[in-house]
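**Q** Structure provided below as structure tokens; questions to follow.
The values are calculated or read from the model by the stated rules, or taken from the named source; none is laboratory data. This one's a predicted model, so the numbers in the text were calculated from it and none came from an experiment. Cβ coordinates were reconstructed from backbone atoms using ideal geometry, including for glycine residues, and neighbour counts include every protein chain displayed.
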Amino acid sequence: MQQLVAELLDGNRRAAARLISLVENDDPQKRELLKDIYPHTGKAYVIGITGAPGSGKSSLVDWLLKLIRKDGLTVGVIAVDPTSPFSGGAILGDRIRMQDHALDQDIFIRSMGTRGSLGGLSRATREAIQVLDAFGKDIILIETVGVGQSEVDIVKTADSTLVVLTPAGGDSVQTIKAGIMEIADIFAINKADLPGAERTTTEINLMLDMKNSEPWRPPVIQTVSVSNEGIEELWQALQKHREHMENSGRLLEIRRERVKRELTEQVEYLVKTKIWDEVKENLEFDDLVENIVHRRQDPYSTSADLLAQINFYDRGPGEGD
Ligand SMILES: Nc1nc2c(ncn2[C@@H]2O[C@H](COP(=O)(O)OP(=O)(O)OP(=O)(O)O)[C@@H](O)[C@H]2O)c(=O)[nH]1
Ligand SMILES: [Mg+2]
């Protein structure tokens, strides 16, 4: 295993792919691996890209890759699809037309579905980011389909978040999902070749003007990813946001928040597994459930009893029987 980490740090692509699979599948050695990797992380800049299915995220990523590489930076892409049971390379050809990039050693592309990641897709994504970070990628792009919680979760992992919208056609953007306005650092109005792009752009700008978005006011950029329009401007906006995050101290602040959340999560995870290992070992859990169902016991004192029996929780006076 240490061999694998050494290979990763040495720039071995197969080691990177293998390590991502291990974290994705909740391998028993995962904690140890992530621990070894951790000192080598913190250098990559993570950009989240979210938007409705088919809004053009992958097409934009495709163009962005070219610009990022032109700037001499290395890049990793993780395409997260919470609706897909596939992971690994299987779905790549489908979702990202990256033939141009497949041979570029400085681009690493990976897709992740719900399969395997028992600890949750957002957790698996976070861990995959760590692997690519240690692998030495300068920029990591995370593409997520905007369905439900996933676009909100992405913000917790990304340093900059790009929200991809498309011209609303007849609809007003008033119908765009709540929460989207809050998470975007940059808006791309993609498919700007379609009718309604101007109107959508104006409406988003009006909504942004109404809310106080100091000190960073998200720019709204029209793009046409089929003909490479607006992509340079988009990449510049992303770089400008990064500068803002770095110079204002905001980057350090959100990364500190992230560490706080991860540490809390990790402690809770350890406590939970420890408790349940012991509780399940010591007690007839199913019997207790039956007792509660038939009102012979109640869940309140039973839970306190459970913990008291493994000496985890001291029952206060008046609690329990
Ligand atoms: N007219 C037009 N079509 C576009 C544009 N960008 C992308 N498309 C088309 O929209 C479709 C979806 O593009 P993708 O890049 O796969 O979109 P996506 O958001 O990655 O899709 P999912 O990953 O499935 O959610 C493709 O058929 C693209 O050719 C654009 O700027 N204009
Ligand atoms: Mg896509």
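**Q** Hey, among Glu246, Glu253, Glu268, which residue is touching a Leu at 6+ places or on another chain (Cβ under 9 Å), loosely packed, with under 14 Cβ neighbours inside 10 Å and either of a type outside the set (Phe, Trp, Tyr) or not in a helix (DSSP H, G or I) (or both)? Give the steps one after another, and end with the answer.
**A** Working: Glu253 fails: touching a Leu at 6+ places or on another chain (Cβ under 9 Å); Glu268 fails: touching a Leu at 6+ places or on another chain (Cβ under 9 Å).
After ruling out the rest, the residue left standing is Glu246.
**Q** Return the pair list, or none, for Cβ contacts closer than 8 Å from residues in segment 208-236 that are within 25 Å of Ile140 (Cβ to Cβ) to residues that are part of a loop (DSSP other than H, G, I, E, B) and away from ligand 1 (no atom under 16 Å from the Cβ), at least 6 apart or on different chains.
**A** Pairs found: Trp216/Asp185; Pro218/Asp185.
**Q** Is one or more of the residues making up segment 145-155 in contact with a strand residue (DSSP E or B) (Cβ under 9 Å, 6 or more places away or on another chain) and at pLDDT 90 or above?
**A** The answer is no, given that none of the residues of segment 145-155 is in contact with a strand residue (DSSP E or B) (Cβ under 9 Å, 6 or more places away or on another chain) and at pLDDT 90 or above.
**Q** Would you mind listing the helices (runs of 4 or more DSSP H) fully within segment 1-82 where at least 3 residues are at pLDDT below 95 and within 16 Å of ligand 1 (Cβ to nearest atom)?
**A** On the way: elements: 2-9, 13-24, 30-37, 57-70.
The helices (runs of 4 or more DSSP H) meeting that bar are 57-70.
**Q** Here's something else I'd like to know. Looking only at segment 46-77, count how many residues are closer than 15 Å to Asp138 by Cβ and either within 16 Å of ligand 2 (Cβ to nearest atom) or surrounded by 19 or more Cβ atoms within 10 Å (Cβ to Cβ) (or both).
**A** Result for segment 46-77: 9.
**Q** Just to verify a result, which residue in segment 191-224, among those that are in a loop (DSSP other than H, G, I, E, B) and among the basic types (Lys, Arg), is modelled with the lowest pLDDT? Walk me through it before giving the result.
**A** From segment 191-224, those in a loop (DSSP other than H, G, I, E, B) are 191-196, 211-219, 223; that's our starting set.
Right, trim to among the basic types (Lys, Arg) and you get 191, 211, 217.
Numbers: Lys191: 96, Lys211: 80, Arg217: 95.
Only one residue fits best here, namely Lys211.
**Q** Which count do you get for residues in segment 291-321 that are among the charged types (D, E, K, R) and modelled with pLDDT of 70 or more? Break it down into steps so the answer makes sense when it comes.
**A** Filtering segment 291-321 for residues among the charged types (D, E, K, R) gives 295-296, 298, 305, 314-315, 319, 321.
Next, from what is left, pick out any that are modelled with pLDDT of 70 or more: 295-296, 298, 305.
Total satisfying the criteria: 4.
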